[in-house]
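K.L.:
Starting off with a structure, shown below.
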Amino acid sequence: MCGMDFKITPVKPTEIRELLQLIRELAKFEKLEHEMKATTASLRRALFGQRAVAGALLARSGGRAVGYALYFSTFSSFTGRQGVWLDDLYVCPEFRGSGIGRALIEAVARVAAKRKCGRFEWVALDWNQHALDFYKSLGAKTLDEWVLIRMDAPGLRKLAAGGRSRRGKKIPVA
């Protein structure tokens, strides 16, 4: 696979369906299909809407979409600077080992460097040893003392609805 020709470009609005298909493949690989809720419309809004909140890169080989990276901005109070969070990095199984994954993550790193980011972060599933080894080979470090905490949309709405002070008064939100 080494020496394979491929091209990495920012995702275009006309490529949203291909991106969604790759995201579905990743969800299946990660055994998270039950969490898959993204649609072409939601991706279009997130990537190209009036208030775009994410960026994505698509890798192509022979005209076929074979991988992608999806990322968004973060902020660290400790560094006082923005960062980049790599939400997804995926390469179709038959194209792994060809340098596409490394090229995708390097391309996102260039976005972060251009923005003068203080951090470039992501998570990996603990059972995906191949990915963990790959990330370590890039110089990334695991933060074993940190625990990822998540609240789903219903939990978020429930928490937001309970925004009252100890005295029972509604807490104003900007």
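The values are calculated or read from the model by the stated rules, or taken from the named source; none is laboratory data. Keep in mind the model is a prediction, meaning the values are calculated, not measured. In this analysis, Cβ positions are derived from the backbone assuming ideal geometry, glycine residues included, and neighbour counts consider all displayed protein chains. These area figures cover heavy atoms from the full protein model, side chains too; ligands, DNA and RNA do not enter into them. Shrake-Rupley method; radii C 1.70, N 1.55, O 1.52, S 1.80 Å.
K.L.:
Go through the range 115-131 and give me each residue that's assigned to a helix (DSSP H, G or I) and within 16 Å of the chain's Cα centre (by Cα).
P.N.:
131
K.L.:
For the range 79-89, indicate whether the set of residues that are among the basic types (Lys, Arg) and either in contact with a strand residue (DSSP E or B) (Cβ under 9 Å, 6 or more places away or on another chain) or open to solvent by less than 70 Å² (accessible area, probe 1.4 Å) (or both) is non-empty.
P.N.:
Yes, the range 79-89 has at least one match.
K.L.:
While we're looking at this one, here's another question. Name every residue in the range 46-64 that is within 17 Å of the chain's Cα centre (by Cα) and in a strand (DSSP E or B), in order of residue number.
P.N.:
55, 56, 57, 58, 59
K.L.:
Yes or no: the range 92-112 includes at least one residue that is of a type in the set (Asp, Glu), under 24 Å from residue 6 (Cα atoms), surrounded by 13 or more Cβ atoms within 10 Å (Cβ to Cβ) and in contact (Cβ under 8 Å) with a residue 24 or more places away in the chain.
P.N.:
no
K.L.:
Quick one: what pairs do we get from the range 38-65, first residue within 12 Å of residue 17 (Cα to Cα), second part of a helix (DSSP H, G or I) and among the basic types (Lys, Arg), C-beta under 8 Å, 6+ apart or different chains?
P.N.:
40/17
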